[in-house]
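Student: Below is the structure I would like to discuss, written out as structure tokens.
Rule-based calculations on the coordinates, nothing more; no lab input. Only a predicted model underlies this, so the values are computations on that prediction, with no experimental measurement involved. Here the Cβ is made from the backbone with ideal geometry for all residues, glycine too, and neighbour counts use every protein chain on show.
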Amino acid sequence: MFFKAPPHRNLFTERLRLRAPSFLDVSDVFEFCSDPASSKYADWYPHNFKSDTRDFLAWLKRKSSDKSYTWVIEHREDEKVIGTISIVDADYSGKIFTVGYTLSKIYQHNGYATEALKALTDYLFGELFAERVQAKVIPENEASCRLLERVGFKKEGTLKKGAFCKTECVDVFIYALTNKLKS
Ligand SMILES: CC(C)(COP(=O)(O)OP(=O)(O)OC[C@H]1O[C@@H](n2cnc3c(N)ncnc32)[C@H](O)[C@@H]1OP(=O)(O)O)[C@@H](O)C(=O)NCCC(=O)NCCS
């Protein structure tokens, strides 16, 4: 039922396990992917049916590689899947990563996304020798801006028409964390 050996390893924090998605996660993932708040600032639409979530998980599996990869965020205590965190893109050098994340609304404001994003950046810098980890954020998405700033990302400016959001290209803030040892 689990995806075949992922190109990236599972990551552990005090309260969370970041692991490969499984088709057994459909119900948990549907819970937050069917919530319009989860995709308000994203390029995807809320899932209407569990079959949409199953298709989504199958799509994640197909595009899973060292360049693009999604972990589900599992709460270690009860094994509930409460979100996802992704390498949205890795450039050809393997040194520059773009990341993204979604956390179920009912689990927000507990520091889980902070914990997950710290684990991902530690992994990217510490084990994959990243030199830059970046994220694009729609300016209205204040929770995401705060999260990035809490983890140490710096806002570098605005990318005009820098991301596609459902029907159009929109301006986005670009945030980045760089490997200080290399600069
Ligand atoms: C972006 C998103 C993941 C942020 O979630 P979040 O719950 O705000 O982030 P965290 O889980 O790290 O929780 C941090 C909040 O909990 C509070 N908190 C409580 N306990 C905490 C702890 N132990 N550690 C850190 N923060 C804690 C913080 O003060 C913070 O609140 P604040 O932002 O009001 O100051 C969430 O809003 C989301 O999933 N949005 C929809 C999808 C989305 O927009 N993704 C990003 C696209 S760019």
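Student: Give LYS67/LYS180; LYS67/LYS161; LYS118/LYS154; LYS118/LYS155 a once-over and call out the pairs whose C-alpha atoms are over 20 Å from each other.
Tutor: LYS67/LYS180; LYS67/LYS161
Student: Loop only per DSSP, at most 13 neighbouring Cβ atoms within 10 Å: give me the GluC sites (Glu not before Pro) in segment 1-96, ordered by residue number.
Tutor: Those that pass, being in a loop and sparsely packed, are GLU14, GLU77, GLU79.
Student: Something else about it: Report the label-to-label distance for ALA37 and ALA58 in nanometres (one decimal), using points 7 Å from each Cα along the Cα→Cβ vector.
Tutor: Between ALA37 and ALA58, the label points sit 3.1 nm apart.
Student: 7 Å from Cα along Cα→Cβ at both SER51 and LYS80: what's the point-to-point distance in nm?
Tutor: Placing both labels 7 Å beyond Cα along the Cβ direction yields 2.8 nm.
Student: For LYS63, give me every one of the lysines with a C-alpha distance below 19 angstrom, ignoring sequence neighbours fewer than eight places off in its own chain.
Tutor: Straight-distance partners of LYS63: LYS4.
Student: Please list the equivalent ellipsoid semi-axes of segment 11-134, computed as the square roots of five times the alpha-carbon gyration tensor eigenvalues, in descending order and whole angstrom.
Tutor: Largest first, segment 11-134 gives 23, 17, 13 Å.
Student: Which GluC sites (Glu not before Pro) does segment 109-183 hold that lie in a coil by DSSP with at most 13 other beta carbons within 10 Å?
Tutor: GLU127, GLU140
Student: Just need the relative contact order of the chain here, percent rounded to a whole number, with Cα pairs under 8 Å and 6+ apart.
Tutor: RCO, the chain: 18 percent.
Student: Once R0 is set to 35 Å, what does the formula 1/(1 + (r/R0)^6) return for the Cβ-Cβ distance between PHE12 and CYS169, expressed as a FRET efficiency to the nearest 0.05?
Tutor: The pair PHE12/CYS169 has a calculated efficiency of 0.40.
Student: In the Gaussian network model of the chain, springs joining C-alpha atoms below 10 Å, which of LYS61, LYS136, LYS160 carries the largest mean-square fluctuation?
Tutor: LYS160
Student: In deg cm²/dmol, rounded to 500, what helix-only [θ] at 222 nm does the chain give when every DSSP H run of at least 4 residues adds -39500 (n - 2.57) and the total is split over its residues?
Tutor: Computed mean residue ellipticity for the chain: -8000 deg cm²/dmol.
Student: Mind checking which lysines have their Cα closer than 17 Å to the Cα of LYS105? Skip sequence neighbours fewer than 8 apart in that chain.
Tutor: Within reach: LYS40, LYS80.
Student: Order these by the 10 Å Cβ neighbour count, fewest first: ILE106, ILE73.
Tutor: Placing the least packed residue first, the sequence is ILE106, ILE73.
Student: I need TYR175, TYR41 ordered by Cβ neighbour count within 10 Å, fewest first.
Tutor: Result, fewest neighbours first: TYR41, TYR175.
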